[in-house]
1. Given the condition basic (Lys, Arg) and open to solvent by 50 Å² or more (accessible area, probe 1.4 Å), answer yes or no: does some residue in the stretch 317-334 qualify?
2. What number of residues within the stretch 273-293 are out of contact with any Leu (no Cβ under 9 Å at 6 or more places or on another chain) and at pLDDT below 90?
3. Being open to solvent by 20 Å² or more (accessible area, probe 1.4 Å) and either in contact with a strand residue (DSSP E or B) (Cβ under 6 Å, 6 or more places away or on another chain) or free of Cβ contacts under 8 Å to residues at least 12 places away in the same chain (or both) is the requirement here; does Gln139 meet it?
4. Which pairs have Cβ atoms under 8 Å, sit 6 or more apart or on different chains, and link a residue in the stretch 125-136 that is over 18 Å from Gly288 (Cα atoms) to one that is β-branched (Val, Ile, Thr)?
5. Can you tell me which condition Ala295 does not meet? The list is (1) farther than 26 Å from Arg158 by Cβ; (2) surrounded by 14 or more Cβ atoms within 10 Å (Cβ to Cβ); (3) under 25 Å from the mean Cα position of the chain (by Cα), and all the others hold.
Amino acid sequence: AENAKLHMELDRLREENDKLRRENQKLRAADTARGAKLASYSRSKKYADDDHRGRGDNSSECGREERQDQDNSPRNAPETPAEAVTAVRSMQIYPPLNEFWEDVPCMGIPHLETGSLVHIKLGQNILFVDIHGKSLMWQAWMHNHAGYRNCMGFIVERCSEQDQKQKAKRSSIWGSSPKDASHRACHDGQSIGDAFVLRSSWTRKYVKMGGLLDWYCLQVSGKSADDAAVFTYKPLYCGESSQAESYSFALKLHGKDKYLCLQSDGAVAMEKVGDVDSASNKPNLIAGLECLLPATSYDIVIYDQQIGLTVSKDLPLRVVGFKNVQNSGPPEAGPAEASGRVRLGDVITNVNGQDVTRSQREDVLHLINADRPVTLRFLSIAQHEVATQASRFWQAIDSWMICYALVRSEE
């Protein structure tokens, strides 16, 4: 009888704990969504006002042919040299493609946490890892696409001063030489500071300097942070009255006078630039950074029939991969991958407001594919790991309580 009472009390406590945890997740997700939407609205309004002013200023001075040549840039360039410098730098800031991402001002870059996921933009172009998973490439993207690809995400990691000195002279005609992994440059739980390395979230490899055989272009093949190139940044300003320039910078190789530049063949290399502040004729040099907003859980609304996700065969339903979808045109990223928010390891916890954490896999898949639009709620991988640890803790408590009850019953 005492054992049954203990089990009943334990079940009641676990149900209350689960209920409180779910309510806490909903509140955090709602706060995150409201903040992201407000920031996105403010940015969009600012860019719309800038575009309107730019078009109005140039309408009386530029002919129709000149305006057509400028259609691929987000800012119309004035005619005077001083204003041209401002326009070249202003044109580099394209807003994020959805509310899950936020532009990072230069003053905020050192405060990014190690492990933050970012996109690196240079004008309408964005950096990505090529289909072979080896080379760092660029592609015109921000002006004519509605979503991202998984290969565009990069993780920023802090690099300590000691590791920077150790890496200073480690290049050869083959690229960066390997080094013992005991001197790793990554330090979890810290901000990245002024020196950092980049790691692809797709291949998990680090960005490194290529050698002679790679034409000294950047590669994404480093096996550890010690193989990686160490970057810093140089803010670019055009005047105190402009807000756009606070988001523009040049990505610099730490300790050297080399800056990241786009090559005409689609590759990315580090080049020597004498005076970056006067490099108004180098729009392929001026970069911007957008960061994935942190969220405990998040909602994705799917309107297309195909989602482009591969999920695990066991419960809970984890995201284990992405796949292309094909509607009327060529294959492209599905809505889940295009959001840039869904990461491998995230867990589907809710479908159209219904909790599916304890449902059968076939029932969950049927519920997802039943109607459109469908709203999927995901639990981020970090939060899922915390929940898993809590579940293991309660399982241990259960075992201890059962053993204790058996001992008492034998007495």
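The values are calculated or read from the model by the stated rules, or taken from the named source; none is laboratory data. Keep in mind the model is a prediction, meaning the values are calculated, not measured. No Cβ is skipped: glycine too gets one built from the backbone with ideal geometry, and neighbour counts run over all protein chains shown. Surface accessibility is based on the protein's heavy atoms, side chains included, excluding ligands, DNA and RNA. Shrake-Rupley method; radii C 1.70, N 1.55, O 1.52, S 1.80 Å.
1. Yes, the stretch 317-334 has at least one match.
2. The qualifying residues number 6.
3. no
4. Final answer for the pair search is Gly133/Thr203; Gly133/Val220; Lys134/Val220; Ser135/Val129; Ser135/Val220.
5. Every listed condition holds for Ala295 apart from (1).
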